[in-house]
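Taken together, the values in this text are just the output of simple stated rules run on the coordinates, not laboratory data. It should be emphasised that the depicted structure is a prediction, and the values quoted were computed from it without experimental measurement. Backbone-built Cβ (ideal geometry, glycine too); neighbour counts: all protein chains shown.
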């Protein structure tokens, strides 16, 4: 009687190659469906931030030692007009009326819903920005770039949007 042993190694190798190829295709499809979004926290390209990060951090520390920011942390309401006010003063209480401020409302990890707000009024250190609508519930961020007397501060505040 002759016993013939089956050799499954060639089939296993071919199956493994097809499996690896299938996972590569799946990975490329997932990456294409979820593209990388650039972080815009510093309002500049990441190359510029990378080249100047030490000065950015130094300016932020100097700014925080001299100035105080007040940004109300109210939740956004869907279907209503939302607004943002920022109050800037020195640590000794003196109000700041000559700040240069940029504000963006955004969703974490995407720039699809970014809203650049315009300054509407400024009096006694209180900066009021244009109203805006929120059409998607969940986490939102208020990102601001504030420059006073040559010092720049970057701030990010998380808020929720509810119905």
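List the pairs whose first member sits in region 41-60 and is free of Cβ contacts under 8 Å to residues at least 60 places away in the same chain and at negative phi, whose second member is surrounded by 11 or more Cβ atoms within 10 Å (Cβ to Cβ) and in a helix (DSSP H, G or I), and whose Cβ atoms are under 8 Å apart, counting only residues at least 6 apart or on separate chains?
49/56
Please count how many residues of region 33-70 are touching a strand residue (DSSP E or B) at 6+ places or on another chain (Cβ under 8 Å), surrounded by 10 or more Cβ atoms within 10 Å (Cβ to Cβ) and outside any helix (DSSP H, G or I).
Residues meeting the conditions: 9.
Considering region 125-151 alone, what residues qualify as being in a loop (DSSP other than H, G, I, E, B) and farther than 22 Å from residue 64 by Cβ?
Step one: of region 125-151, the residues in a loop (DSSP other than H, G, I, E, B) are 125, 130-131, 133-137, 149-150.
The answer is 130, 131, 133, 134, 135, 136, 137.
Starting from residues that are over 19 Å from the mean Cα position of the chain (by Cα) and surrounded by 17 or more Cβ atoms within 10 Å (Cβ to Cβ), keep the ones in region 90-103 and report whichever is nearest to residue 126 (Cα to Cα).
96
Exactly one of (1) more than 18 Å from residue 159 (Cβ to Cβ); (2) in a loop (DSSP other than H, G, I, E, B) is unmet by residue 122. Its number?
Going through the list (1) more than 18 Å from residue 159 (Cβ to Cβ); (2) in a loop (DSSP other than H, G, I, E, B), residue 122 breaks only (2).
Being exposed (fewer than 15 other Cβ atoms within 10 Å of the Cβ) and at negative phi is the filter here, so list the residues in region 116-129 that pass it.
116, 118, 120, 121, 123
Which condition from (1) surrounded by fewer than 10 Cβ atoms within 10 Å (Cβ to Cβ); (2) closer than 15 Å to residue 149 by Cα; (3) without any contact (Cβ under 8 Å) to a residue 24 or more places away in the chain is the one that residue 30 breaks?
(2)
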